1. When residues of the range 63-97 are filtered for being in contact with a strand residue (DSSP E or B) (Cβ under 8 Å, 6 or more places away or on another chain) and more than 28 Å from ALA339 (Cα to Cα), how many remain?
2. Given the options ALA259, ALA266, name the one that is open to solvent by 60 Å² or more (accessible area, probe 1.4 Å) and of a type outside the set (Ser, Thr, Tyr).
3. Just to be sure I understand, how many residues within the range 192-212 are touching a residue at least 60 places away in the same chain (Cβ under 8 Å) and either open to solvent by 70 Å² or more (accessible area, probe 1.4 Å) or closer than 21 Å to VAL86 by Cα (or both)?
4. Condition first: open to solvent by 40 Å² or more (accessible area, probe 1.4 Å) and among the polar types (S, T, N, Q). Now tell me which residues in the range 338-374 satisfy that.
5. Can you pull out every residue in the range 88-103 that is open to solvent by 20 Å² or more (accessible area, probe 1.4 Å) and more than 20 Å from the chain's Cα centre (by Cα)?
6. Inside the range 224-262, can you point out the residues that are assigned to a loop (DSSP other than H, G, I, E, B), closer than 23 Å to LEU193 by Cβ and of a type outside the set (A, V, I, L, M)?
7. For the range 198-249, what are the residues that are at pLDDT 90 or above and of a type in the set (Asp, Glu)?
8. Open to solvent by less than 30 Å² (accessible area, probe 1.4 Å) and either closer than 26 Å to LEU345 by Cβ or part of a loop (DSSP other than H, G, I, E, B) (or both): which single residue out of THR112, THR106 fits that description?
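The values are calculated or read from the model by the stated rules, or taken from the named source; none is laboratory data. Quick caveat, the model's predicted, so the values are computed rather than measured. Virtual Cβ from ideal backbone geometry, glycine too; neighbours counted across all protein chains shown. Areas reflect the complete protein model, heavy atoms only, side chains present, ligands, DNA and RNA absent. Shrake-Rupley method; radii C 1.70, N 1.55, O 1.52, S 1.80 Å.
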Amino acid sequence: MKPWLGEEEAAAAAEAVRSGWVAQGPRVARFEQAFAAHAGTGHGVATSSCTTALQLGLLLLGIGPGDDVVVPSLSFIATANVVRHVGATPVFADVDPQTANLTAKTVEAVVTPATRAVIAVHQAGMPADTDELRTLCTGRGLAVLEDAACAAGSTYRDAPVGAAAELAAWSFHPRKLLTTGEGGMLTLTDPDLADRARRLREHGMNISAATRHTTRQPVLESYLETGWNMRMTDIQAAIGLIQLAKLDTMVTRRRELAAGYRQRLADLPGLYAVTDPPHGQTNYQSFWIRLPDDFPMSRNELLAFLAERGISARRGIMATHLEPAYRGHPHGDLTVTEALTAQTLILPLFHTMTEAEQDHVAAALREAAQGGATR
């Protein structure tokens, strides 16, 4: 992934610096409003990362010690970590082999009497079937928090991903389409929850620093509850506003590149290339492929083979339950998760990628499929 950053972002960041207001301030407020509007939801609360946005979401739901939260193991480790951060227990569910997302069936299989919520990840920008999940969860009194870290610009049933979510968390890390360097957002439908989220991200303070400094009268702030420092800076938000204006163009381009990959790889027997699900369109934040069982190289051998040819591919999505931090953490059947994490890899995909570069990647994969005969 190469972020699409240029002179506009540099100028916006410089303007924020020259303004004298570089901490959370007016540009953050504008970015929150603009992002929420693009996402089709009511309110946006900018944060320091998607991880802190997810943690805020769990706190707003009242999740804590003694509670279970269903999460996919097949996700970046932060999805499970935030459950531990609030004192609850992550419960790993398996995923669908085509979308790499939770389904109502895989969630239902692991629900316990202590389950309070489900974190539904739109993995690598692939929209999860959240209507199906909500039907299950509503019937069982469970909350749904959407982890849309990778999904800015993806759609679900002809609406933006997260538009119908009570709570959705987003990432602006450089591997995402829309980047602010670091940073995140929590989008919400409830204005009261949005107000509380803004307090919690700023030490529980009842009035923001920006409001305090723009009033002409002395303000004696109060701290209504224990909060955190989860703020975004105005420099980041200035970059985010420029990036947001480019987002639709980025998605269109990435979808063109993804179609190009599928066309080039269609003749490789047994190889699965990620594609849209019936219920939505992905932004192709990552383009991943799954190797057939009889591929002549292991996934790791293929990564090394590609690297020798100047191609920077990456392993597929991680399985959290296989990481040392979760050694000994109990879990049920995760057959699909373990197969996907072992047999998938992510191919290079970025806005300025050329047809010649895609041809080079496809040719290397074809060579590898033939056993690396010219290696």
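1. Summing the residues that are in contact with a strand residue (DSSP E or B) (Cβ under 8 Å, 6 or more places away or on another chain) and more than 28 Å from ALA339 (Cα to Cα) in the range 63-97 gives 2.
2. On the way: ALA259 fails: open to solvent by 60 Å² or more (accessible area, probe 1.4 Å).
On inspection, the qualifying residue turns out to be ALA266.
3. To start, the set of residues in the range 192-212 that are touching a residue at least 60 places away in the same chain (Cβ under 8 Å) comprises 193-194, 196-198, 200-202, 208-210.
Within this subset, residues satisfying the condition of being either open to solvent by 70 Å² or more (accessible area, probe 1.4 Å) or closer than 21 Å to VAL86 by Cα (or both) are 193-194, 196-198, 200-202.
Selection size over the range 192-212: 8.
4. THR352, THR354, GLN370, THR374
5. Across the range 88-103, the qualifying residue is only THR89.
6. Filtering the range 224-262 for residues assigned to a loop (DSSP other than H, G, I, E, B) gives 224-228, 230-233.
Next, from what is left, pick out any that are closer than 23 Å to LEU193 by Cβ: 224-228, 230-232.
Selection gives GLU225, THR226, GLY227, TRP228, ARG231.
7. GLU202, GLU225, ASP234, ASP248
8. Values: THR112 fails: open to solvent by less than 30 Å² (accessible area, probe 1.4 Å).
Result of the check over THR112, THR106: THR106.
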